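Notes to accompany the following structure.
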Amino acid sequence: MAASRVTANEIFLNIKQIPTRYPKALCLFRQISTSRPHYDQQPEPKSKSASQPLVGVVGLEIHAQINSNTKLFSGSPVRFSAPPNSLVSFFDASLPGTLPMLNRRCVEAAVMTGLALNCTINKKSYFDRKHYFYADLPAGYQITQQRRPIAVDGVLTYSYFGGKKRSQMIRKSVQIKQIQLEQDSGKSLHDDDRSQTLIDLNRAGVGLMELVMEPDMKSGEEAAAAVRELQLILQALGTCQGNMSEGQLRVDANVSVHRPGEPLGIRTEVKNINSIRYLARAIDYEILRQIDAVQSGRAVQNETRAYDSKSGETVPMREKEGLQDYRFMPEPNLPALIVYEDNASLPTGIDPSQAVVVQKIKDRLPELPGVKRDRLVQTYGILPEHSFTLVNEDGLMEYFETLMKTTQREPRKVIGWVTNELLGHLKQRDMSVSQSPISPAHLAELLKLQETGRISSSAAKQVFQEMWRSGGKTAWQIVQEQELGLVHDSAQLHSICQKVVDSHPDEVHAVRNGNKKVLNKLIGLVQKETKGRADPVLVKEILQQMTQ
Amino acid sequence: EWLLVVWLKIYTENKPHLIISNLVDKLERLALVDFRTKQGLECLEKAIRFADQLHVVDTTGIEPMDSVLEDRALYLREDTAVDGGCAEELLKLSRKTVEEYFVVPPGNIPLPKKEERSSMLKHSEL
């Protein structure tokens, strides 16, 4: 391949002469793209002075499986698991004489997703063939939208908890270059023992939305937050179920490193990432690996790497056959896809089932996560950080809203219980909100006991733990069983306080002389006597009286 | 594809045959079509000359036609399942199957190098 590479370089050099003789050739050159935006470079020379530190540059390519009943170009059903090759039509198997028939639902899904991500919807978009040979691609080409996709130039805003204590909510945004409709390939199962591969075409032809994001991100954390937000949006729209482990949302990361201000470094593509957590880890590992390589004077190779979740490392994948030339060509069996702006722009006499109207889809857009968060802040007066957590965790917002319906307490006092106590316990045990042993009604009861002064705040936390462990006992039951109720009986408290005061003359003396902090020690001693059940306000009052 | 046609043209005019053969090798790998014989290369050159006629036409300011279906409406199908469920029929078409899966060799078999191929072809039926 070295010889042909030299040839290619010579051609590139001669291209400069072309414009005068062959002006059209230069235009043709731009149309065909075999390589992607990042360009190959020589390895970084060792710099004498340490200038700025190397930072990561991350771009994502996301394939979202469209949530539709049938495939993109055929009427075969779309289902997660089914007997092998039972969801395959003659077209999906690429038998001669079959033709693609575009699914309207897929077009609507792409438009809806584009609108939700602030894209410009191309009224006219084209389908192309992308050629490569692989057994799970029966036709030898994939129908995609390379020249003019259905949506371009969008923006995805996302947030994550960063800063030193991870308590600061940081808002970022990433540019969406384009969204295109394309076919999924079948599945290959490798049987290395018998040196063969088994092909199941059930997935072949399922509609995908490929979302291309610009390399605006710097770390695994940012990428993970962006993908999480995208997941929430797609799920809210219903255009994709977004389950990464089931392959409904597939993310490939393009990672490179450079010093800010300098040209971008050589990038690698990281694949085989099955969850958002692994996405962050894979990217961070790859950035560190590349930084280490550059600092040691080694070159980063333009390759595809796979993430190995067991070791937490990225490893080089099976090598492709040199630079792929996909020989893009317009799909001859499909005319251009036209979508209409509004009812007014529809041609007369058109069958409504044949028209996709952008305005109609815009009107039907459901409440997006960002809007949901703002609504929660408005309605309940909670902090943006809180509403972010509520919307981010599946089911937590519903839990909170149900809880708010049954409790009289202020939302700001309740939110801590939901985002700290409840969520903390769930996360520790890797449980989802739906699996919580404490229902909103039970938690409401606990909060009522705390509010009416039946139990102290610290006792309330204890009761919460016990409610969790017992799974079903009510708060009141536990308070009674463990005698955690607050003692308000002033006579009883009085005698206990007297006892403490009598046995600690030095401390009493200190308080009388103006050292107020020692009073807290006395309060602590009383609480110890009462096993934390004394009403703290009363105790303080009584002690203050006694120490005057 | 068009670009390769133009590149080849430039090279047939200015450079010797050897460089073309590397591009021809690439074309063969991509298309899995054999045309390395003298006849094949002549045919290729004739095809390039024929395609050069495109440059005679001035197309400045004219929208390219990318499909002969340009004035046809793209038919949109309803999202109801009407296909599939013919695994048995499809599997019958394959020489080798295992439990309702199509069986294929592991990964792509790379095209043998030029030298190996000519000896292969000698023994082939073509």
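All of the numbers you see were taken from the coordinates with simple rules; none came from a lab. Since the structure is predicted, the reported quantities are computational estimates derived from the model, not experimental observations. Cβ placement follows ideal geometry from the backbone for every residue including glycine, while neighbour counts extend to all protein chains displayed.
Loop only by DSSP, 11 or fewer other Cβ within 10 Å of the Cβ. Give me the GluC sites (Glu not before Pro) in region A:410-490 that pass, ordered by residue number.
Qualifying residues, ordered by number: A:GLU483.
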- Message: Bins of 5 Å, beginning at zero and ending with the bin holding the largest distance: percent of Cα pairs per bin for region A:284-395, please.
- Response: 2, 8, 9, 7, 6, 7, 9, 13, 16, 12, 7, 3, 1, 0
- Neighbour-count order for A:CYS106, B:CYS86, A:CYS119, fewest beta carbons within 10 angstrom listed first: B:CYS86, A:CYS119, A:CYS106
- Please work out the C-alpha center-to-center distance from region A:213-229 to region A:178-209 and express it in whole Å. 26
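For each of A:SER167, A:SER159, count neighbouring Cβ atoms within 10 Å of the residue's Cβ, then give the residues from fewest to most. Kindly include the intermediate steps, with their values, before the conclusion.
Working: A:SER167 9, A:SER159 20.
Least to most surrounded, the residues fall as A:SER167, A:SER159.
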- Note on the structure: Expressed in angstrom and rounded, the centroid-to-centroid distance over alpha carbons for region A:101-162 and region A:374-398 is 31
- Message: Please compute the volume of the convex hull spanned by the alpha-carbon atoms of region A:55-330 and report it per residue in Å³.
- Response: 159
- Query: Efficiency by 1/(1 + (r/R0)^6): what FRET value for A:VAL537 and A:SER173, r their Cβ-Cβ distance, R0 = 51 Å, to the nearest 0.05?
  - Reply: 0.55
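Just need the relative contact order of region A:185-321 here, percent rounded to a whole number, with Cα pairs under 8 Å and 6+ apart. Please report the intermediate quantities before stating the final value.
Details: 181 pairs, mean separation 23.6, N = 137.
About 17 percent, as a whole number.
Could you give the size of the charge dipole of region A:458-510 about its Cα centre, using +1 on the Cβ of each K and R and -1 on the Cβ of each D and E, expressed in debye and rounded to the nearest 20?
Working: 4 positive and 7 negative charges, 69 e Å.
Result for region A:458-510 is approximately 340 debye, rounded to the nearest 20.
Classify region A:163-204: rounded, prolate or oblate, from the alpha-carbon gyration tensor (a ≥ b ≥ c, eigenvalue square roots; a/c under 1.5 rounded; otherwise prolate if a/b is larger than b/c)?
Numbers: a/c = 5.53, a/b = 2.06, b/c = 2.69.
Because a/c hits 1.5 or more and a/b fails to exceed b/c, region A:163-204 counts as oblate.
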- Note on the structure: With region A:369-482 reduced to its Cα atoms and the Debye formula applied, log10 I(q)/I(0) at q = 0.14 1/Å amounts to -0.54
- Query: By how many degrees, 0 to 90 and rounded to 10, does the Cα axis of helix A:490-503 deviate from the longest principal axis of chain A?
  - Reply: 80
- What percent of all Cα-Cα pairs in chain A falls in each 20 Å bin, counting up from 0? 16, 40, 27, 13, 4, 0
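Neighbouring Cβ atoms within 10 Å as the yardstick, rank B:HIS55, A:HIS442 fewest first.
On the way: B:HIS55 15, A:HIS442 20.
With the sparsest Cβ surroundings first, the list reads B:HIS55, A:HIS442.
For region A:490-547, how big is Rg over Rh, using alpha carbon atoms and the Kirkwood form of Rh?
On the way: Rg = 10.1 Å, Rh = 11.0 Å.
With Rg and the Kirkwood Rh in hand, the quotient comes to 0.92.
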- Message: How high is the relative contact order of region A:479-548? Use alpha-carbon pairs under 8 Å, at least six apart in sequence, and give a whole percent.
- Response: 41
- Note on the structure: In region A:140-257, taking the dipole from +1 charges on Lys and Arg beta carbons and -1 charges on Asp and Glu beta carbons about the Cα centre, the listed residue (A:LEU201, A:GLN146, A:MET213) farthest towards the positive end is A:MET213
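Per the helix-only calculation at 222 nm, which mean residue ellipticity applies to the protein assembly as shown, given -39500 (n - 2.57) for every DSSP H run of n ≥ 4 and division by its residues, nearest 500 deg cm²/dmol?
Working: 24 runs with 266 residues, N = 674.
When only DSSP H runs of four or more count, the value is -12000 deg cm²/dmol.
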